[in-house]
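Working notes, structure below.
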Amino acid sequence: MRLINVKSFKLEEFLDYKTPPYAILSHTWGDDCEELTFRDVEEGKFDKLSVGWVKFRGSCRQAEKDGLGYVWIDTCCIDKTNLVELSEAINSMFRWYRRASLCYAYLSDVPGEDDPRKHESKFRTSRWFGRGWTLQELLAPKDVRFYNSAWGYLGNKGSMRAVIGKITGVPRQFLLGITELHSASVAQRMSWAAGRDTKRKEDLAYCLLGIFGVTMPMIYGEGGDQAFFRLQEQIMKTTRDDSILAWGLSVDESPISDPGQVTAGRILAAAPSDFANSGQIVSRELSTMSLNSLDLSGGSLRMHLSLLTTSAGQTIGLLNCGPGRDIQQVIGIPLAKVASGSDQYFRPKGCHAVLRSIIAPSASPKLIHIRNDGLSKKSADAYRQYWLYDDEEFAEVNLDLVDVAPRSCWDQERAVIISTIASSNGASHQTLARFRHNEGGSRDFVIVLEFKQQGTCTEAQCCVMICCRNTSLQELTGKLQYVAQKATGKRSASNGLLHLSVTLEFDAQQPMITIKPGALPYPPDDTVDATVELQKLDLKLELVGVLEEKGRSDAEEEELNQRTKVTNNRLEWVKRERETVEDELKKLEERRKMLVEEESNGAQEIRYLSKRQAEIKEQQERTSKRWSHARTRWDELWRIDGDEDGYELERMDDWTLLRWAADKGYVEMVELFLNKGADVAIANKDGWTPLIAASSKGHVDVARLLLAASGANADCKDTKCGQTPLIRAAANGHEAVAQLLLDTGKVDVNSKDNNGRTPLSWAAERGHETVVQLLIEKGADVNVKDKDIRTALSYSAGAGHEAITQLLLRNSATTAWLRETLEGHYHYVSSVAFSPDSKMLASASYDMTVRLWDTATGRLRQTLEGHNDSISSVAFSPDSKILASASTDKTVRLWDTATGRLWQTLEGHDSPISSVAFSPDSKILASASNDITVRLWDTTTGRLRQTLEGHNNGILLSGSGIR
């Protein structure tokens, strides 16, 4: 391998295993006079004004910047005058590019200011992407760096993968070397080269050697077709990949015409462009039989292949490959037999490969031979038969041959009609010959000539009819099957002027039959008039059409009547709803005015109350100070009098005063009494302690002082109702006091009063949501029942506190009560279904809609419209993502539950559908109908998978799904 020293510009030669790190250039060749050659570099002759010098110098400079001492350029490092060296270099090229440390892709037609990210960029239309050799130069190296005409850096293969992928069609995993190239099918790799070209046609094959990992000698002058044929031969020796035959792919099936009109084509492609539509074709797992190699010898391809015969008698070979996105389809190639009973086939010229659905297990592969040349064209002549006619003999009965259908069968120069025997057993080929009587205005005679293949025997037949002169043979040919039945076996006819009889003379040695005309002395018993028969046929078809149209009109009228009825009902309901809404709006407007007035009055009252509160607080502070002063003087006077017993008796009033101060929320007074040693646990005749009094009124600061005092009982109960401070605080909505009591850790959150009611029960009944939330967080039991067997949920719901009711339900409150009444449909509701995750409820109605409801809130989430008649059944997929609805309009519709978008409409039933059900994996949907069938549908594609028949009456599915 020769490399260029980037400093000396000299060529140096290395053995493969001693090659130093090097960069490699990828470029498009200009004119030969513009490129530097091996001799130029050897002799140091550099034309510094040439394009070749720009590429040479730029490569060396860039390699030196990148820390590399050598660079390889194909124009300079290969002696193209040495054919052996050239052949070796071409076979080694992929390996050399793969081993390179860096690859510089120099795009001479991309200007310096170009931005590859823009759609109008010159980068996207560069000649580099259309060159055959650059495919392997793009895929082989790990690091490809792109440069514009001024050697400005554009980006590398990784950073520009999206743009390059769109330009080349090469999938990302192969472009970045994540997946080895041999993992791509032959058809895929060929498709990447489909739009590329090379200066020499043979190079279009040679440039793909590395892509397929094969080698072969270079034979310039052999032609591009032959070079590509040899490439495919080498590929078939190394891989058993049927996709090598998946060329010429078309979405439309091209039927094979009569075998006699078919030209044999090649089984192998002529160029990579034949694979232009095969980029998505991947190989499938091979069966044991298919593991045999593809063997091309003697002009025939030997392979095991499953064969399919279509309803039209066409033979399709099913390859072990197909589109990667659909495993239910395979590639089918058209085939025709070389001769009846032979195992040799050819691929008809002009017939495309097609995609075939795998409906049922195909036949086992069998060994066949497929010709790869035009030799089988001769064998097509074996299907030809010749009808001879003598113009003079027909002239004797005043007849001239004026037309033949098909026209291509008539060889006027040789006075012969050429027909073709169909290769399929039992099939026939018919040719029509039109003879005209010399007398003007008379009807023409039409002779139907037919060959029919029955096993190994060929039977020739004919029949005679008459027709009007303006009846075309093309029209008659198209409808011959309806007319010929009546004319079968009739070899005579009369047009009024001539009573014609026709006989056939066979040649035992040659495929020739002579048509002999004769004049009868009297007319035959029955003459078939093709024109009259066609008129009868047209009339029958017209009558059938009228009946069908009437049936459609009647059905449409019935449907329109039904829809009109439903729409009228809907309009009446809408009108009533509008009137109701208008009434509500009037009431709401009146209510709004009243609330505005009430809000204004309330604001005035708040200002007054705030003012009074401030005045009262000042008064309380003055009273407290006066009280303190009076008590101090009272104590002093009692001590002066020295009556200790009277003093103690008078002090007992302090306990009542402490409870009074706690009830009123006088913090300073409570603190004073506590400092004087007042008993915090003292209670009145009903058992009310100062703490119960403070908790009941919500005086949190007082409660805090009392709880901190010695002897305080945070969970004490009164003697009248058995209520604790926590019950009183919860019942009156004093969240701060409840929080204070719970934080002590000394109260029972589920304590019960004499009626068995808990703090949660009281808070729920009186609508204190924040207190309910606090108690639940602290562990309150939401399902505790009192003496009346009522729970907190019962009290909340009974009082109409919706938010608290929902809060209790979310925290596992149990109830058997009615939770929601869902309204919105304006006709009968026929079916309901819960989603498996219980978050949605679907309802189906005769109003032709499905409604999705939120089970937590009862809100309407979606209204699904699209059916043309009442809906009979709904079902959720197990993952709750799809909803199926069945209707009497004979369709099933699949809906996206998240968006409400219609996903699929499944059509096929002949009667209303009564029920639907999903399979547990959501992949299959079953529909049951009054047409006495069950149909299985693929939920991903919407295709009908199976029709299950056997019931004798309408069907209804039950259960949560199908198995």
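Conditions tested, residue by residue: (1) among the aromatic types (Phe, Trp, Tyr); (2) touching a strand residue (DSSP E or B) at 6+ places or on another chain (Cβ under 6 Å); (3) surrounded by 11 or more Cβ atoms within 10 Å (Cβ to Cβ).
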| residue | (1), (2), (3) |
| --- | --- |
| ASP529 | no, yes, yes |
| LEU537 | no, no, yes |
| LEU543 | no, no, no |
| GLU549 | no, no, no |
| GLU558 | no, no, no |
| GLN562 | no, no, yes |
| THR567 | no, no, yes |
| ARG570 | no, no, yes |
| TRP573 | yes, no, yes |
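Please find, among ASP743, ASP781, ASP686, the residue that is free of Cβ contacts under 8 Å to residues at least 24 places away in the same chain, at negative phi and not hydroxyl-bearing (Ser, Thr, Tyr).
Within the list ASP743, ASP781, ASP686, the selection yields ASP743.
Quick grid of which residues meet (1) more than 15 Å from GLY152 (Cα to Cα); (2) assigned to a helix (DSSP H, G or I); (3) without any contact (Cβ under 8 Å) to a residue 60 or more places away in the chain; (4) touching a strand residue (DSSP E or B) at 6+ places or on another chain (Cβ under 8 Å):
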residue	(1), (2), (3), (4)
CYS33	yes, yes, yes, no
ASP79	yes, no, yes, no
VAL84	yes, yes, yes, no
SER87	yes, yes, no, no
PHE94	yes, yes, no, no
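Confirm whether ALA493 is among the aliphatic types (A, V, I, L, M), surrounded by 14 or more Cβ atoms within 10 Å (Cβ to Cβ) and at pLDDT below 90.
no
Name every residue in the range 722-755 that is surrounded by fewer than 17 Cβ atoms within 10 Å (Cβ to Cβ) and in a loop (DSSP other than H, G, I, E, B), in order of residue number.
Residues satisfying the conditions are GLY722, THR744, GLY745, LYS746, ASP748, ASN750, ASN754, ASN755.
What are the residue pairs meeting all of these: first residue in the range 11-23, first residue under 18 Å from ALA63 (Cα atoms), second residue of a type in the set (S, T, N, Q) and surrounded by 11 or more Cβ atoms within 10 Å (Cβ to Cβ), Cβ atoms under 9 Å, and 6 or more apart or on different chains?
LEU11/ASN5; GLU12/ASN5; PRO21/SER101; TYR22/SER101; ALA23/SER59; ALA23/GLN62; ALA23/SER101
Among SER87, SER159, SER101, SER183, which is the only one that is more than 27 Å from LYS201 (Cα to Cα) and over 40 Å from the mean Cα position of the chain (by Cα)?
Answer to the check: SER101.
Can you report the number of residues in the range 248-269 which are modelled with pLDDT of 55 or more and over 17 Å from ARG284 (Cβ atoms)?
Residues meeting the conditions: 13.
Which ones in the range 96-120 are surrounded by fewer than 16 Cβ atoms within 10 Å (Cβ to Cβ) and closer than 15 Å to LYS166 by Cα?
ARG117, LYS118, HIS119, GLU120 - these are the residues of the range 96-120 that are surrounded by fewer than 16 Cβ atoms within 10 Å (Cβ to Cβ) and closer than 15 Å to LYS166 by Cα.
Check the range 762-776 and report whether any residue there is of a type outside the set (Ser, Thr, Tyr) and out of contact with any helix residue (DSSP H, G or I) (no Cβ under 9 Å at 6 or more places or on another chain).
Among the residues of the range 762-776, not one is of a type outside the set (Ser, Thr, Tyr) and out of contact with any helix residue (DSSP H, G or I) (no Cβ under 9 Å at 6 or more places or on another chain), which makes the answer no.
The values are calculated or read from the model by the stated rules, or taken from the named source; none is laboratory data. Computed from a prediction, not measured in an experiment: that's the story for all the values here. In this analysis, Cβ positions are derived from the backbone assuming ideal geometry, glycine residues included, and neighbour counts consider all displayed protein chains.
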